[in-house]
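First the structure, in the form of structure tokens, and then the observations on it.
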Amino acid sequence: MPSATTTATTVAAIAAGCSLIAYGFSHLSKLSSSQRPKTKTDLIEIDDEIDDDDDDDDFITPDDVVAVFDKLFLTMQQVVLQLSQQVQQLQMAGQVIPEKQLRQLLKAEFERALSECQAQVFEENDVDADCLEEATWEFMDSPEEYPKVKRAVERFQKLYESMSGEDVVGWTPNKAKKASSREDGATTAGVVRKELSPSELMKAATIYFDAITEIMIGLSDSWKAEGRDFKDPEVLKEFHMEASTDANEAGEEKLMSELGLSMGDFRSAIDKHSRNPAVGQTLGMLQIKQQQDLISAGVPMM
């Protein structure tokens, strides 16, 4: 039977998949409509009941897409934090959930929460779901022309990827079509991951968390030097949007430059060694140290 350390390691694996959430846990769902199968063409849940007015004045701009995905990202970050806290409470109460089952439950709860919040976000931003999906993919196919859209969408994709373990960052329908048509229509084979020993994984985790901490502190210091008021809720939200993206990118770049590892390799190794007590203990200690360092440096919390 899995030990309590297994549960802790699973949560740590989620934490390692994305930037910090409230400095204790770092944590696009492509939900399909009920009339379509779950495929990688579903960026967000589409409401097939929404009428298309074909109003020439009703079009989606890049700023609209960024606003929607930024709001979804911030909302779902809080959901993941709540899920993490719930798992911790279960663990502290002595309840043990098998690692595989726990990951499935967390993913399902994430998707359920996303399904509920999407309608409100769309309404607040006055966008039609079908139009948004179409515009998003159009802008994503021209990343050099719409860098803000790419950044916002991929930030959200990373959040979902950290929960699901699926490789979705940078995915678009056009990229999928090109991949599936290669070699006379052969589909893309599964990605081969680099194998890491427990000690190699713990080294990688240390490098990753240290890189995130350094970026968070540096960004906080620079914003303070510029006179940005973190007491302003809008400034605080903007900081966390930028910090989560910059920290993720810094951690990923550090893993690649020093160890030649992708985030997929890193996540895969955490999953593989999820039952190793030493790995779970190391990840937990790294999270605690990270939280302490950020608080000591005065990095603002949500």
Any idea of Glu242's accessible area? Nearest 10 Å², probe 1.4 Å.
60
Using only Cα atoms, locate the centre of the range 123-173 and the centre of the range 193-222, then give the distance between them in Å, rounded to an integer.
26
Along the Cα-to-C-beta direction of Ala67, a point sits 7 Å from the Cα; which residues of the range 215-240 have their amide N less than 20 Å from that point?
233-240
Full-stretch length increase - Met256, Asp130 - with 0.36 nm per residue and alpha-carbon distance subtracted:
41.7 nm
Each residue of the range 148-154 in order: what ³J(HN,Hα) in whole Hz does its phi give by Karplus 6.51 cos²θ - 1.76 cosθ + 1.60, θ = phi - 60°, with x for Gly and Pro?
5, 5, 4, 5, 5, 5, 5
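Report in % the part of the accessible area of the range 211-302 that belongs to carbon and sulfur, leaving out ligands and nucleic acids; probe 1.4 Å.
52
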Taking amide H positions as placed in the peptide plane 1.01 Å from N, state which residues far from Met301 in sequence (5 or more) or on other chains have amide H under 5 Å from it.
none
Pop out the ³J(HN,Hα) list for the range 111-117 in order, Karplus 6.51 cos²θ - 1.76 cosθ + 1.60 with θ = phi - 60°, rounded to Hz; leave Gly and Pro as x.
5, 5, 5, 5, 4, 6, 7
Taking a point 7 angstrom from the Cα of Phe230 along the C-beta vector, which residues in the range 273-300 have backbone N less than 16 Å away?
290-300
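The values are calculated or read from the model by the stated rules, or taken from the named source; none is laboratory data. The shown structure was predicted, so the numbers you read here are calculated from the model rather than taken from an experiment. Using ideal geometry, Cβ is built from the backbone for each residue, glycine included, and neighbour counts are taken over all protein chains shown. Ligands, DNA and RNA are stripped out before the accessible areas are found, and what is left, the full protein with its side chains, is counted by its heavy atoms. Shrake-Rupley method; radii C 1.70, N 1.55, O 1.52, S 1.80 Å.
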